[in-house]
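Nothing in this text is a laboratory measurement; each read-out follows from the coordinates by a stated rule. Computed from a prediction, not measured in an experiment: that's the story for all the values here. Because the Cβ atoms are built from the backbone with ideal geometry, glycine has one as well, and the counts that use them run over all protein chains shown.
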Amino acid sequence: MKKSIVLLITLLFISILSVLILKNMDDSQKLIKSASFDKSISQVLVTIENINQEIPRFLQKNKDNIDDILAQTSVLPFNFNNVDILLNISEYTPKEFNLNHLPKDIRSNSDFLNNVGFSYEFFQIVNNHKYTNQREVDQVIDQYIYQTNDTNILNIKDKFGFIDDKNVSTLIECDYSINVDDINLSASLIFDLNSSQVKAFDVAQSTKN
């Protein structure tokens, strides 16, 4: 019985997102009429807005079945005319080493000691910056390797993050990609399941040649 309910919720989720994309296309046409936006760009912008608003709202309403929903919604492809979306939803686990609030005992942590041979250079790179997405965290690691030629830090790369909210019991991460004509975009949205409040959002865009 529970599996049937979860399947129904999952199908409802897919249907809702499908409707949103169709609405996106209609809204894009309205944007084109009122501004000098390129059609593809306007479709991308409205799609991002819809995904970021509706997915947290939908999952928050169905949070009692979140574990089963996550099991059903791993990598969902959507295609509507010239819009392609690949969506992946999972629970986000805060990392052990938060670059915004590094623990005082990190210098004595065995993982850190064994894999970061140039701690002074590492802290010089990290200090005096507010990290808001995982891409910036990855850039810290790349810069450290560039400056020190020490690749051992890659052994603990997955331990570095930027979110540390002890008041949040469950964080959900929604990674998705959008392709509209020659525009390719990837995004990562992290939000509090209980409140649907967005904790982090990052987007990267590239254009095919």
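Quote to one decimal, in nm, the extra length available between H101 and F201 on full extension: 0.36 nm per residue of separation minus the C-alpha distance between them.
Roughly 34.1 nm would be gained on extension.
Quick check on the exposure proxy: order V44, V75, V126 from fewest to most C-beta atoms within 10 angstrom.
Arranged by neighbour count, lowest to highest, V44, V75, V126 become V75, V126, V44.
Which whole-number percentage describes the relative contact order of the stretch 97-161, with Cα contacts under 8 Å and a sequence gap of 6 or more?
Answer for the stretch 97-161 is 45 percent.
Counting other C-beta atoms within 10 Å, which of I41, I89 has the fewest, and how do the rest follow?
By the 10 Å Cβ count, ascending: I41, I89.
In nm, to one decimal, how far is the Q124 label point from the K159 one, both placed 7 Å along Cα→Cβ?
Result for the modelled spin labels: 2.3 nm.
Past 29 Å, Cα to Cα: identify those pairs from K104/K157; K159/K199; K157/K199; K61/K95; K63/K199, in the order given.
As for pairs spanning more than 29 Å Cα to Cα, there are none.
Pop out the Kirkwood hydrodynamic radius of the stretch 61-146 from its pairwise C-alpha distances, inverse of mean 1/r, in Å to one decimal.
For the stretch 61-146, inverting the mean 1/r across all distinct Cα pairs yields 16.4 Å.
Kindly state, to the nearest 0.05, the FRET efficiency for S110 paired with L76, given R0 = 35 Å and r defined as their beta-carbon distance.
0.30
Got the relative contact order for the stretch 118-209 handy, in percent, Cα pairs under 8 Å and 6 or more residues apart?
21
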